[in-house]
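Trainee: Here's a structure for you.
The values are calculated or read from the model by the stated rules, or taken from the named source; none is laboratory data. Treat the numbers as computed from the prediction; the structure is a model and nothing was measured. Cβ atoms come from the backbone with ideal geometry, glycine included; neighbour counts cover every protein chain shown. Heads up: the accessible areas ignore ligands, DNA and RNA and are worked out on the full protein's heavy atoms, side chains in. Shrake-Rupley method; radii C 1.70, N 1.55, O 1.52, S 1.80 Å.
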Amino acid sequence: MWGEKYDGNKVVFMTDHLYTPAGIRNGSGSAKYKGADAAVVQLLDLAIEKGVDIDYDHGTVSFSESGTGESDGYYGRWGGDSSYYWGETIDSDLSLDLSTWGSSSISEEEMIPEDYFEDQEPKDESFEATGNAGVEAERQYEDAEAIVIWPRSQRWKIVTQNDTSKMCQYLLEACKEGTTNSEPREQCIEKAIIILPRVKDNNTASIVSTLMKCIVMIGDVQLMKKFLIGYLSMNPKKTPDHLIDQLQAFIDKFGAEVVNPFFIPSINVTRFYSDPTSTAKFLVNYINTHGEKATNAELTENLISAFVDSMCPPEGDPRPEISKNIDSFPLKEILGILIGGKHSNRMTLAKRVLKGYVWLSCQHIRERYSYYSSSCRTVPPKGPKLLLISAPLLVSLCEKNCWADFEELLVEATSKLCLYGSSDDAVALVEKIAPTISSSESERSRTCAKIASITCEEILANSQKSPKSLDTYKKIVKIISTHCPSFAPKFTSSAKQLDVSSILYHLVTNNALRAAACDSMKESLGLLTHHCAQVLSSRVTNELGSVTLWDMKHANLSQRVEYSSFLRDPCRQIHDWQVRKSDHKGFLLDLRRLISMGEVKAESYQPGGRGNYHFKITKLKSRRVPIANIGSFSCSCSVGSRYTSYHQSRQQYSNCLLKNSKTKLSKCQSDREKLRVVNALLKPEQQSQPGSRKRSANPYSASASMNNATRNQRTSVSFFATNPSSATSASAGSSNLHFSSFASASSRTGPNFLSISSAGGQWQRSPRHQASKKQKTSPEVVDLLDDDDDVQIGEVLGPEQAIAKRVKEAEDKGEVVDIS
């Protein structure tokens, strides 16, 4: 069957006995077989000794089938008591696993006998009913043992099956001298040369490592050079990480003077800027694996120098565009290698690495974001953020040299952090490199003062555009107190723009922060405390106002659950929902008493005159309730209903009048408590300044009225009132007209309107509101609609009287008045 034109077939001779993998692996020759199987193996061994071109290996054959099943009973949707049997075979799977060479292909024509599995019973059958698709069936046979025979000259082709991984494994077995699978050195070199171009295309770690082992075992220098040249030139933008594991074996076998010239160019500018992170990790991996050995000292020093030259080239040299991000760049590991290494110029190299990293972190990166090479995106820079985790090494580097030498670099790094939106990282950097005991005379303190000034300048200048967190401002206070006290006035002006409740209040009431602050910062915090008191005072003195509620006293007259919660809800005026027409009559009947009392209005309609019917209930009576008294009310806006959708329920809750009013009241109460705390921190001279005294937040409080009456004197003024509807002319209407205009305007402001009565020819304020506030600047005209101007009216002048009085005053002052 094997002639000159070999077709790749082999003989799979099925054995009579079963064998365990351990027995086959540990046995030798015919001793691991029994009976007729042993006789076959003895015959093969004898032929091999006579020089016959034949070879064999033990194999395990697996066979499985898939097809359809048949049922002898009923099966279907509702199941049934039925059994299945094998119907038709659709597909089969036959596989061969060689004990020495792994998996291999097999066909039924190669088996002896070919119908071996036809006489075998399956060890497992499974059936699955799939409805209309019938019954799917699978069955598996017991694995069978075989002796696989092929021409010895064709073993490379049969075993490897054009698979690179199997080729490398075959070559590894062939290079082992003194074994049954070993081959002459010349044949091993030929096979290695065949594998070399395939390894370049299939850059897998296990394949590269196996091939390097084979090259070491062969020991041919030219083969080693050909491999390194081909592998390193295969992908000029990718680091040769897979060479690290077997690199030391190359150096030990062929010598450092032979290997180094090929390996040093593995770090170059092209590879570095294609992927800076991978190149740096490649260097770290090499040094951790082989760099400590004395025989590799020259290679290590050359690789470090090549890396630094690529990362920080001389000034003026062009730098390629970066195509990979550097978020995981091993800066800390590189600095640790340089600081703790034996390189002659390691400190200078470390400074160049830092300088190169700062430049890299400020570059826009154009990287791929999909499988298509043309799909790229530009990633903005993030600044030198990795300096934070490398801060201890950075401090050690500066201490061993001179802080002044690194001052310019640190200032630039801080500026870049602030520039690219990482001012919080700049604050953290200042904290990490700041000395434990600050001294203005030390170089470290002066360097920290410079970078602290840059950080504070950036944060304070952009406090409104990009406000920071409370913790950041606390750190800023500490940094200013320690390193740059001259920034305290600027901090004061910037901090006044911050939110009082969330940041400023917590900042000025932090006693530990005040105790640790310098004198200028304590003064700044004092000014901010006074500002905080003024803002809180203005909040608590503003009127809370009132809210319109739609509560119904007779809501219990309705018994329908569809809208009972609406009738009892004081926040909603209108309830409109889609409901079938037959239910409308029942709704109207249920609401008849409320409609007759004028509480609600109900209507049945079709939107746009067509389509589904809607029923609409509108509340007609409302009342104004001061927000200060809103605590006793409740609503059902936050409770879902089976008659409302999720979206409607969420909208009702967001528009809830009580919730919003109670939030406003709670905020006012919180501001009042904060004002009490802040006032306790004010100095006596600040407490006496206007705007610092606490005022009542309740405009209806009797105590507030009494305090106002004590502070201000009653003022009697004369005035003329014009028609509110005319801004240019004064009509000669009676005082009743002006009073009615005033009363109607006051009624619009809520229940707290002015009550004025006529007594003895003079208009006086109602006894219920005897408090008087400060007088307006102009005594001639009083705005009756402004509730802040509580006055007593001593005299009412008509238009002619007012004009005459004004003319007389002008004549007394020598003015010329032209009245038309």
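Trainee: Let me know the volume per residue of the alpha-carbon convex hull for the stretch 222-361, in Å³.
Mentor: Per-residue hull volume (Cα only) is 109 Å³.
Trainee: Related question: So which chymotrypsin sites (Phe, Trp or Tyr not before Pro) in the stretch 316-407 end up in coil per DSSP with only 14 or fewer other C-beta atoms within 10 Å?
Mentor: Taking the stretch 316-407 and a limit of 14 other Cβ atoms within 10 Å, the loop chymotrypsin sites (Phe, Trp or Tyr not before Pro) found are Y369, Y371, Y372.
Trainee: Right, next: What is the percent carbon and sulfur in the accessible area of the stretch 437-519, measuring with a 1.4 Å probe over the protein chains and ignoring ligands?
Mentor: Using a 1.4 Å probe with all protein chains present, the stretch 437-519 comes out at 50 percent carbon and sulfur.
Trainee: Dividing the alpha-carbon radius of gyration of the stretch 110-245 by 2.2 N^0.38 Å (N being the number of residues), what value is obtained?
Mentor: In units of the globular-protein estimate, the stretch 110-245 measures up at 1.56.
Trainee: Here's something else I'd like to know. How large is Rg over Rh for the stretch 272-341, taking Rg from the Cα atoms and Rh as the Kirkwood inverse mean of 1/r across Cα pairs?
Mentor: 0.98
Trainee: Using modelled amide H (1.01 Å from N, peptide plane; none on Pro or chain starts), what sits under 5 Å from the amide H of W577, excluding residues fewer than 5 places away?
Mentor: Close amide H contacts, sequence-distant or interchain: F615.
Trainee: Skipping prolines and chain starts, which residues have an amide H placed within reach, meaning under 5 Å, of the one on G87, given they are 5 or more residues away or on another chain?
Mentor: Long-range HN contacts for G87: T68, G69, E70.
Trainee: Let me ask something else. In sequence order, what are the phi-derived ³J(HN,Hα) couplings for the stretch 274-288 according to the Karplus relation 6.51 cos²θ - 1.76 cosθ + 1.60 with θ = phi - 60°, rounded to whole Hz, with x for glycine and proline?
Mentor: Whole-Hz 3J(HN,Hα) from phi for the stretch 274-288: 6, 7, x, 5, 5, 5, 5, 5, 4, 5, 4, 5, 5, 5, 5.
Trainee: While we're here: Compute, for the stretch 191-281, the length of the dipole vector about the Cα centre, with Cβ point charges of +1 (Lys, Arg) and -1 (Asp, Glu) only. Units Debye, rounded to 20.
Mentor: 240
Trainee: Just how many % of Cα pairs in the stretch 129-175 lie over 17 Å apart, if you round to the nearest whole percent?
Mentor: Beyond 17 Å sits 61 percent of the P(r) for the stretch 129-175.
Trainee: How large is log10 of I(q)/I(0) for the stretch 89-161 at q = 0.27 Å⁻¹ when the intensity is taken from the Debye formula with one equal scatterer per alpha-carbon?
Mentor: -1.38
Trainee: Of all accessible surface on the stretch 596-638 at a 1.4 Å probe, what whole percent is carbon and sulfur?
Mentor: So the carbon and sulfur contribution to the accessible surface is 44 percent.
Trainee: Given K355/K382; K176/K238; K450/K478, which pairs have Cα atoms separated by over 26 Å?
Mentor: From K355/K382; K176/K238; K450/K478, over 26 Å: K176/K238.
Trainee: From the P(r) of the stretch 28-168, could you give the percentage of C-alpha pairs in the tail past 19 Å? Please list the in-between numbers first.
Mentor: Working: 6263 of 9870 pairs.
Considering the stretch 28-168, 63 percent of its Cα-Cα pairs are separated by more than 19 Å.
Trainee: Kindly report, to the nearest 10 Å², the accessible surface of L393 as traced by a 1.4 Å probe over protein heavy atoms only.
Mentor: Estimated to the nearest 10 Å², L393 gives 40 Å².
Trainee: How large is ³J(HN,Hα), in whole Hz, for each residue of the stretch 187-194 in order, when computed from phi with the Karplus curve 6.51 cos²θ - 1.76 cosθ + 1.60 and θ = phi - 60°, using x for Gly and Pro?
Mentor: 5, 5, 5, 4, 5, 5, 5, 5
Trainee: Where the centroid of each part is defined by its Cα atoms, how far is the stretch 487-547 from the stretch 407-462 in Å?
Mentor: Result: 25 Å between the Cα centres.
Trainee: Could you please state how large a percent of the accessible area of the stretch 16-139 is carbon and sulfur, counting protein chains only and using a 1.4 Å probe? Before the final figure, lay out the partial values.
Mentor: Numbers: 3580 of 7920 Å².
The value for the stretch 16-139 is 45 percent carbon and sulfur by accessible area.
Trainee: Counting only heavy atoms of protein chains, what accessible area per residue, in Å², does the stretch 473-618 have with a probe of 1.4 Å?
Mentor: Working: 6910 Å² over 146 residues.
Heavy-atom SASA per residue in the stretch 473-618 reads 47 Å².
Trainee: With just the Cα atoms defining each centre, how far is the stretch 228-289 from the stretch 304-333? Give it in Å.
Mentor: One Cα centre to the other: 16 Å.
Trainee: Given the Cα-Cα distance of E121 and N288 and 0.36 nm per residue of separation, how much length would full extension add, in nm?
Mentor: Numbers: separation 167, 0.36 × 167 = 60.12 nm, distance 5.85 nm.
So the extension gain works out to 54.3 nm.
Trainee: Provide the packing ranking of 312-320, 285-293, 58-66, i.e. peptides ordered by the mean count of other C-beta atoms within 10 Å per residue, highest first.
Mentor: Final packing ranking: 58-66, 285-293, 312-320.
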